1. Determine, from the Cβ-Cβ distance of residue 176 and residue 57 and an R0 of 25 Å, the FRET efficiency 1/(1 + (r/R0)^6), rounded to the nearest 0.05.
2. Take 1, 104 and order them by how many other Cβ atoms sit within 10 Å, fewest up front.
3. Please arrange 11, 148, 155 by counting, for each residue, the other beta carbons lying within 10 Å of its beta carbon, fewest first.
4. Packing-wise, with mean Cβ within 10 Å as the measure, how do 118-127, 39-48 rank, highest first?
5. Within 10 Å of each residue's Cβ, count the other Cβ atoms and sort 37, 137 from fewest upward.
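Please treat every number below as a calculation from the coordinates, not as lab data. No experiment lies behind these values; they were computed from the predicted model shown. Using ideal geometry, Cβ is built from the backbone for each residue, glycine included, and neighbour counts are taken over all protein chains shown.
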């Protein structure tokens with residue numbers, strides 16, 4: 001039995017010792033040169049290929065909703081304003097321009113604040129709405145329905161405030177552009 005174990009151990013070790021006896025890196029220099037040449041040729045082919053244009057598909061098209069990008073002006077500068085439309089006089093002094101710039105920066109800050117308030121109110125409304133709907137007897141909960149309606153009315157009012165602030169900001173920007 002001991003002889004069988006020793007024989008088995010020698011048979012298992014012998015293939016490993018044969019691999020260790022061979023020197024590593026016995027590949028011929030010709031093979032290394034051919035691999036290096038192949039790599040150089042591949043790099044040269046990549047350089048020679050023209051870059052293809054951008055391929056647009058559903059994954060690479062940006063998904064921006066609610067914005068429109070307009071290039072150019074809406075109408076020419078020489079066109080007369082409409083009957084109900086009046087052009088604001090351009091400020092003449094540097095003080096007036098600075099006042100407009102300060103007013104515009106405060107309008108931007110106000111708009112950002114209103115947008116943040118709207119975001120918070122929308123999140124609160126959605127949480128309150130989901131908790132209201134998750135109640136099995138939500139149809140009988142008149143106070144919850146009234147609370148949701150009040151929140152929705154507040155959201156609508158905030159959206160109108162944002163629209164007014166955006167309009168004010170656009171008017172100030174137009175006034176500043178006219179001054180330049």
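1. Approximately 0.05, to the nearest 0.05.
2. With the sparsest Cβ surroundings first, the list reads 1, 104.
3. The fewest-first ordering by Cβ neighbours comes to 11, 155, 148.
4. Those peptides, ordered most packed to least, come out 118-127, 39-48.
5. 137, 37
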